[in-house]
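For reference, the structure discussed in these notes is given below.
Each value in this text was obtained by applying a stated rule to the coordinates, not by laboratory testing. Note that the structure is a prediction, hence the values are computed from the model and not measured. Cβ placement follows ideal geometry from the backbone for every residue including glycine, while neighbour counts extend to all protein chains displayed.
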Amino acid sequence: MCNRPSFASKDESVSSGKSTVGQRLLPVITPDLAPLPGVIGRADRLVEAAPEHSALVHRLLGRTWFVETLADAVSLSQGEGRGQRFVTRSGQLLEADGALLVGPRRLSEGLVSRRSELRSLRGQIAEYDEQIARLEQEMHDLQARVDREEQRRARVGPGPHAGHRRTGRRAAPHQNLRGAVLSTWSGR
């Protein structure tokens, strides 16, 4: 396996950091870590680009490897993968110089997750609005029913239970209905 740095010509400007000779990008020479345990693949092989940009993609991502775990990244960086960058499935980045960058696990998912969560919450709000409207209509219907019953009783006059109202032994049916409506509504 080859573990050499990329090469450049004498014409290349070192101070500018350019990696081209004329208009051509120089190849990045990297070891083949793909068959090793814990390696998912090299980044430039896992992206799609127009053929005219393949050299640029290779130049930018040719030294970046996706691996399963941070332990795999550390192990590889100390052996055959020395000088390479490693990105774990959980988003940790081990740079070629040994610097480790970690951050919120969901940093790249944050916007997508938030949009999905907002969509879900909007759906829940719509369901609650429908439920509130249904309950308000039910309350209105029950109140209208109580009012009709009270009006009917007022037209009919005191019924056979009129004496019970005074003694408190038995409540009138409309009082039971009103209590049932109020207790049903207040219990929700």
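Those residues that are among the hydrophobic types (A, V, I, L, M, F, W, C), in contact (Cβ under 8 Å) with a residue 40 or more places away in the chain and surrounded by fewer than 18 Cβ atoms within 10 Å (Cβ to Cβ), I need them from region 61-84; list them, please. Show your work before the answer.
Quick first cut of region 61-84, residues among the hydrophobic types (A, V, I, L, M, F, W, C) only: 61, 65-67, 70-71, 73-74, 76.
Going one step further and asking which of them are in contact (Cβ under 8 Å) with a residue 40 or more places away in the chain, we end up with 76.
Once the filter is applied, which keeps residues that are among the hydrophobic types (A, V, I, L, M, F, W, C), in contact (Cβ under 8 Å) with a residue 40 or more places away in the chain and surrounded by fewer than 18 Cβ atoms within 10 Å (Cβ to Cβ), region 61-84 yields nothing.
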(request) Go through region 39-60 and count every residue that is touching a residue at least 24 places away in the same chain (Cβ under 8 Å), of a type in the set (Gly, Ala, Ser) and not in a helix (DSSP H, G or I). (result) 1
